[in-house]
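Notes follow the structure.
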Amino acid sequence: MKRILIIGSTGQIGSELSVRLRSIYGDGNVICGYFAPPFPEGFFESGPTVEINALDIDQIAGAVKKYKIDTIYNLAAILSATAEKNPKLGWDVGVGSLMNCLDVAREYKCGVFTPSSIGAFGPNTPKDNTPQDTIQRPNTVYGITKVLGELVSDYYYNHWQVDTRSVRFPGIISNVTLPGGGTTDYAVEIFYKAVKGEPFTCPVKAGTFMDMMYMPDALDAAINLMEADPAKLVHRNSFNLTAMSFDPEMIYGAIKKHYPDFRMEYSIDPLKQSIADSWPNKLDDSCAREEWGWQPHYDLEKMTADMILKLKTKN
Ligand code: SER
């Protein structure tokens, strides 16, 4: 039976991963680490919680010891555009939290899941069908911390057998907790506007393709990778993943099938555009498919229909 600690359990991924993990492993076996409000509704009543600053190794070690943790999901992150505006914070959270988790995991023999990202690639990476193993020269703080995270996680596995595993998440589209300060956030924000009947101003140009994924697939990816047979893993940190690749015109078109009067205009954010331009158009995720059976269930049409349904119910 797993005993799981989630660091960053109130964020975009954590707020949904915690619910899914508790449904699989039992409420009492999933400890939700939190740092700052806002807290999801019913957060403190839903199971064990613990205050954790990911930059304080003693707090992580204390929780791992107290709750007899064997698996850490390290979700503390500063997303790409925010990290460019505050590089010091980007370095501290991107590197510091992972190093703390790895050192605690080494001492207490825990597995560690850490999200890497499409941001771990850079302008001279092959843009289409980006291979699993290829050039990684990102030019953002976020991307550099992700590459470092991948390498150091493999180091802890190779030298000290810490069971580290991770995926290169694309932009994650979700309807519970908003992402904060990512380059792919537009693909979430556009739905909130469409459902409210308001026009959307898109910060990246038509023709800017990026990989994306609907949250239920992202949760499957994290959990299935951590459950995968280690003997089958040729790679560990990190697996390319994708579920769909689109540009703003394609998601606009998909939403217009539900809301024919919906309007989108462009006001380009130079920072987000330059970050998006440095990332791949579409990753080749065949290693994840072969090594641990990765299989997404939502394409653009199916994700769009479900997002609209969920947001309509919420409003
Ligand atoms: N969603 C992230 C970002 O845009 C990419 O991993 O920063």
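Of note, residue 227 satisfies the criterion of being modelled with pLDDT of 95 or more, within 23 Å of the chain's Cα centre (by Cα) and open to solvent by 50 Å² or more (accessible area, probe 1.4 Å). Name the helices (runs of 4 or more DSSP H) wholly inside segment 256-315 in which the number of residues that are closer than 13 Å to residue 244 by Cα and open to solvent by less than 60 Å² (accessible area, probe 1.4 Å) is 2 or more. Those helices (runs of 4 or more DSSP H) span 300-314.
Of everything in segment 160-188 that's among the charged types (D, E, K, R) and within 12 Å of the ligand (Cβ to nearest atom), which residue is surrounded by the most Cβ atoms within 10 Å (Cβ to Cβ)? Let's see the steps before the verdict.
If we filter segment 160-188 for residues that are among the charged types (D, E, K, R), which is where we start, we get 163, 165, 168, 185.
After this cut, where a residue has to be within 12 Å of the ligand (Cβ to nearest atom) as well, the list is 168, 185.
Working: 168: 27, 185: 21.
Here the residue is 168.
Within segment 79-89, does at least one residue satisfy the condition of being within 15 Å of the ligand (Cβ to nearest atom) and of a type in the set (D, E, K, R)? The answer is yes, given that some residue of segment 79-89 is within 15 Å of the ligand (Cβ to nearest atom) and of a type in the set (D, E, K, R).
The residue of segment 133-158 that is surrounded by the fewest Cβ atoms within 10 Å (Cβ to Cβ), among those that are away from the ligand (no atom under 12 Å from the Cβ) and in a loop (DSSP other than H, G, I, E, B), is 133. Which of the residues belonging to segment 1-33 are more than 16 Å from residue 220 (Cα to Cα) and open to solvent by 10 Å² or more (accessible area, probe 1.4 Å)? Those that are more than 16 Å from residue 220 (Cα to Cα) and open to solvent by 10 Å² or more (accessible area, probe 1.4 Å): 1, 2, 3, 8, 10, 11, 26, 27, 28, 29.
The values are calculated or read from the model by the stated rules, or taken from the named source; none is laboratory data. Note that this is a predicted model, so its numbers are computed, not measured. Cβ sites come from the backbone with ideal geometry, for glycine too, and all protein chains shown count toward neighbours. For the accessible areas, the whole protein counts, side chains as well, though only heavy atoms, and no ligand, DNA or RNA atoms are used. Shrake-Rupley method; radii C 1.70, N 1.55, O 1.52, S 1.80 Å.
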